[in-house]
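Visitor: Here you go, one structure.
The values are calculated or read from the model by the stated rules, or taken from the named source; none is laboratory data. Source: prediction; values computed, not measured. Virtual Cβ from ideal backbone geometry, glycine too; neighbours counted across all protein chains shown.
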Amino acid sequence: MKKMPLVFAVAAIIAADMSRAQAQSPNSQARGVGPVPSSMSYVPNAGLFAGLGGSFNSVNFGNQSIYAVGTSNVYQGSTLTSSGSAAGPANIYVSSETTLAPAVQGGYFQKFSGTDWLWGGKFSYSYLGTTSTVRNALLPQAGSFTATGTNVVTPFTGNAVVRSFQTNIEHQMSFVPFVGRAFERSFVYVGAGPTLSRVRTNLNGLIGFADVNGGPTDVSGAPINLTSANWVFGGTAVVGATYFLDRSWFLDFSYAYGMTGNQTASFSSPFTNPNGSNGSTITGTLVGTSAGKVITQGVTASINKAF
């Protein structure tokens, strides 16, 4: 993500505000420039605030760790002829996505008595609604089956094929305590705090294949769609700057870097395949988990009112 325009904008605001403050310092009186009374400062000593804005975000879904297990029972008519299972881990790299998102925030700030330093905290909410998709993902597996009434174990390998593996982050909330430094018309701040994000994983078109009889055999039958969604905690660090249009309204510009905790999604579905080899019917289950973290970076601009 290109953050330089924001950095230059924030630096320009701070430099201009520091220049004004310097020009109005007691030393400037000796040069014939009168200071502005403290009552004329645009930054209140304390205030609640609320604001609306938007953000440009980069969402990195990174590497998703998958573990899949399939079990099966093969019937000829009503007679059980064999039972088996297969399992295995896999890693799926999910690409990064960018998105524009609406944002709301609210909070409080207060200057330390007799200084231009301040403290505060803000709550932010953004609807990211971003999805990254991997087509035709392969989940390698190894297993075995045993013919009914025997102790003969026949090993085999195979793949579970996911036609569309999707990872999605929807809602993201954060609470960030911060400290900062006030100038005449602005203050700059840094902070860090917890996040809460809604993350969803979809496995669309899942089919289990086993390599038996010299080629891949469709074990599970018709494609199955699975989904899992969770709220997951994480953390974020924020740096920002404000610019007061008057004593009530101000602009807020910030950059945030956040990371969710390791989100684990669980999947489970039974299947029935009436079209097994040699006229057989196959029943069983497809079970699995996926786990991964989501890294978000966002540049947010908002207009706020202080109360």
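Visitor: With part of a strand (DSSP E or B) and among the β-branched types (Val, Ile, Thr) as the only criterion, which of 115, 71, 150 stands out? So that I can check it myself, show each step before the final result.
Guide: Values: 115 fails: part of a strand (DSSP E or B); 150 fails: part of a strand (DSSP E or B).
Just a single option satisfies the conditions, and that option is 71.
Visitor: Something else: Which residues, taken from the range 249-279, are of a type in the set (S, T, N, Q), modelled with pLDDT under 95 and surrounded by 14 or more Cβ atoms within 10 Å (Cβ to Cβ)?
Guide: 263, 264
Visitor: Within the range 214-231, can one find any residue that is touching a Leu at 6+ places or on another chain (Cβ under 8 Å), modelled with pLDDT of 95 or more and either within 30 Å of residue 51 (Cβ to Cβ) or aromatic (Phe, Trp, Tyr) (or both)?
Guide: yes
Visitor: For the range 207-307, which strands (runs of 3 or more DSSP E) that fit wholly inside it have 1 or more residues that are within 30 Å of residue 110 (Cα to Cα), of a type outside the set (A, V, I, L, M) and touching a residue at least 40 places away in the same chain (Cβ under 8 Å)?
Guide: In the range 207-307, 224-244, 249-260, 295-306 are the strands (runs of 3 or more DSSP E) which contain 1 or more residues that are within 30 Å of residue 110 (Cα to Cα), of a type outside the set (A, V, I, L, M) and touching a residue at least 40 places away in the same chain (Cβ under 8 Å).
Visitor: Right, something else. Tell me whether the range 183-195 contains one or more residues that are out of contact with any strand residue (DSSP E or B) (no Cβ under 9 Å at 6 or more places or on another chain), crowded, with 20+ Cβ neighbours inside 10 Å, aromatic (Phe, Trp, Tyr) and over 30 Å from residue 87 (Cα atoms).
Guide: Yes - at least one qualifying residue is present in the range 183-195.
Visitor: Let me ask something else. For residue 129, are the conditions met, namely being under 24 Å from residue 56 (Cβ atoms), surrounded by fewer than 17 Cβ atoms within 10 Å (Cβ to Cβ) and not hydrophobic (A, V, I, L, M, F, W, C)?
Guide: Spelling it out, residue 129 is indeed under 24 Å from residue 56 (Cβ atoms), surrounded by fewer than 17 Cβ atoms within 10 Å (Cβ to Cβ) and not hydrophobic (A, V, I, L, M, F, W, C).
Visitor: Being modelled with pLDDT of 95 or more, polar (S, T, N, Q) and within 30 Å of residue 50 (Cα to Cα) is the requirement here; does residue 195 meet it?
Guide: Here the answer is yes, as residue 195 does meet what is asked.
Visitor: Turning to a different aspect of this structure: Can you name the residue in the range 162-187 that is aromatic (Phe, Trp, Tyr) and part of a strand (DSSP E or B) and is also farthest from residue 92 (Cα to Cα) among such residues?
Guide: For the range 162-187, the residue satisfying everything is 187.
Visitor: Oh, and also: Of everything in the range 72-122 that's free of Cβ contacts under 8 Å to residues at least 60 places away in the same chain and aromatic (Phe, Trp, Tyr), which residue is nearest to residue 49 (Cα to Cα)?
Guide: 112
Visitor: Still on this structure, I have one more. It is to be established whether one or more residues within the range 117-134 are more than 32 Å from the chain's Cα centre (by Cα), modelled with pLDDT of 95 or more, over 30 Å from residue 74 (Cα atoms) and of a type in the set (Lys, Arg). Lay out the reasoning, then the answer.
Guide: Restricting attention to the range 117-134, the residues satisfying the condition of being more than 32 Å from the chain's Cα centre (by Cα) are 117.
Narrowing the set further to residues that are modelled with pLDDT of 95 or more leaves 117.
Next, only the ones that are over 30 Å from residue 74 (Cα atoms) stay: 117.
Narrowing further to those that are of a type in the set (Lys, Arg): none.
No.
Visitor: Exactly one of (1) surrounded by fewer than 17 Cβ atoms within 10 Å (Cβ to Cβ); (2) closer than 23 Å to residue 54 by Cα; (3) of a type in the set (A, V, I, L, M) is unmet by residue 153. Its number?
Guide: Status for residue 153: all satisfied but (2).
Visitor: Could I ask something else about it? Considering (1) in contact with a Gly (Cβ under 7 Å, 6 or more places away or on another chain); (2) surrounded by 20 or more Cβ atoms within 10 Å (Cβ to Cβ), say which one residue 201 fails and leave the rest.
Guide: That leaves (1) as the condition not met.
Visitor: Suppose we filter 159, 136 for residues that are in contact (Cβ under 8 Å) with a residue 12 or more places away in the chain, loosely packed, with under 15 Cβ neighbours inside 10 Å and assigned to a strand (DSSP E or B); which single one remains? First the steps, then the outcome.
Guide: On the way: 159 fails: loosely packed, with under 15 Cβ neighbours inside 10 Å.
Just a single option satisfies the conditions, and that option is 136.
Visitor: Check the range 188-196 and report whether any residue there is under 16 Å from residue 64 (Cα atoms), part of a strand (DSSP E or B) and without any contact (Cβ under 8 Å) to a residue 60 or more places away in the chain.
Guide: no
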